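Asks: Sharing a structure here in structure tokens format.
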Amino acid sequence: MAVNDSVLVAVNSSAAAVLFVAGVSKMVSPAQLGRALNALVRSSGDGFASGHVRAFAAVEILAALALTGTATRPAGAWAVGVLGASFAAAGVLGAVRGGGAVCGCLGATGGRPLGWFNVLAGALLMAVPAVNLAAAAPGSATAYFFQSGTGLAFGALLVCGWAHRGLIKDLTRPLPASR
């Protein structure tokens with residue numbers, strides 16, 4: 001496997017893992033992000049409902065899955081770039097307006113509001129189309145699919161562990177002594 005193939009698999013698997021976990025968490029619990037976005041926009045209308053957040057989550061999941069397929073990789077890469085731009089825009093709005101409501105990114109129950117972390121994550125995701133354009137076509141379609149799929153699964157596990165590290169830390173503490 002050439003270096004370009006390795007870089008392509010690593011970048012696409014990482015981006016897919018982040019988007020997949022973020023999308024699934026929004027599907028399960030859309031209210032937290034809805035509140036954060038409504039605090040930023042401050043519109044006079046209904047604002048962002050659970051349906052809007054779930055539709056966005058579906059796009060994230062589809063883009064993540066598209067990155068793992070050889071035929072769908074270019075379209076997936078462009079979708080990831082657009083999603084990255086939307087994350088960065090929401091982060092800038094959060095940093096400028098100071099929404100204060102926690103976004104629940106990656107399913108974390110605590111955390112921080114939309115801000116500079118989202119800008120950084122969005123910028124990294126906006127680089128995915130450039131990496132995919134610069135990389136040569138994967139050597140073997142089957143090898144790329146299995147390597148990126150495995151990377152997506154392993155990456156999703158790592159992202160979930162990082163997002164819920166507080167819960168993991170609680171599980172590893174010794175139980176209190178009972179009398």
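Asks: Can you give the helix-only mean residue ellipticity at 222 nm for the chain, where every DSSP H stretch with n ≥ 4 adds -39500 (n - 2.57) and the sum goes over all residues, rounded to the nearest 500 deg cm²/dmol?
Replies: -24000 deg cm²/dmol
Asks: OK, next. So what are the ³J(HN,Hα) numbers for the stretch 56-73, from phi and the Karplus equation (6.51, -1.76, 1.60; θ = phi - 60°), rounded to whole Hz, Gly and Pro as x?
Replies: Per-residue couplings from phi come out as 5, 5, 5, 5, 4, 5, 5, 5, 4, 5, 5, 5, 8, x, 5, 6, 9, 4 Hz.
Asks: Does anyone have the angle between helix 116-126 and the longest principal axis of the chain? Alpha-carbon axes, 0 to 90°, nearest 10?
Replies: Computed tilt is about 20 degrees.
Asks: Subtract the Cα-Cα distance of LEU120 and ALA153 from 0.36 nm times their separation in residues, and report this length gain in nm to one decimal.
Replies: 9.6 nm is the gain from fully extending LEU120 to ALA153.
Asks: Here is a follow-up. Roughly how many Å² of LYS169 are accessible to a 1.4 Å probe, to the nearest 10?
Replies: 120
Asks: What is the helix-to-structure angle for 31-41, meaning the angle in degrees between its Cα long axis and the longest Cα principal axis of the chain, kept from 0 to 90 and rounded to the nearest 10?
Replies: Its long axis makes an angle of about 80 degrees.
Asks: Once fully extended, how much extra length lies between ALA10 and VAL92, figured as 0.36 nm per residue of separation less the alpha-carbon to alpha-carbon distance?
Replies: 26.8 nm
Asks: Cα axis of helix 141-163 to longest principal axis of the chain: angle in degrees, 0 to 90, nearest 10?
Replies: Once rounded, the angle reads 20 degrees.
Asks: When the chain is fully extended, how far beyond the present Cα-Cα distance does ALA143 get from VAL131, taking 0.36 nm per residue of separation?
Replies: Extending this stretch completely gives an extra 2.5 nm.
Asks: Please sort 8-14, 155-161 by packing, taking for each peptide the average over its residues of neighbouring beta carbons within 10 angstrom, highest first.
Replies: Ranked by mean Cβ neighbours within 10 Å, highest first: 8-14, 155-161.
Asks: What does the charge dipole of the chain about its Cα centre add up to, to the nearest 20 debye, if the Cβ of each Lys and Arg holds +1 and the Cβ of each Asp and Glu holds -1?
Replies: So the dipole magnitude of the chain works out to roughly 600 debye.
The values are calculated or read from the model by the stated rules, or taken from the named source; none is laboratory data. None of these values were measured; they are calculated from a predicted model. Methodologically, a virtual Cβ is constructed for each residue, glycine included, from the backbone with ideal geometry; neighbour enumeration extends over all protein chains shown. Just so you know, the surface numbers come from the protein's heavy atoms only, side chains and all, with ligands and any DNA or RNA stripped out. Shrake-Rupley method; radii C 1.70, N 1.55, O 1.52, S 1.80 Å.
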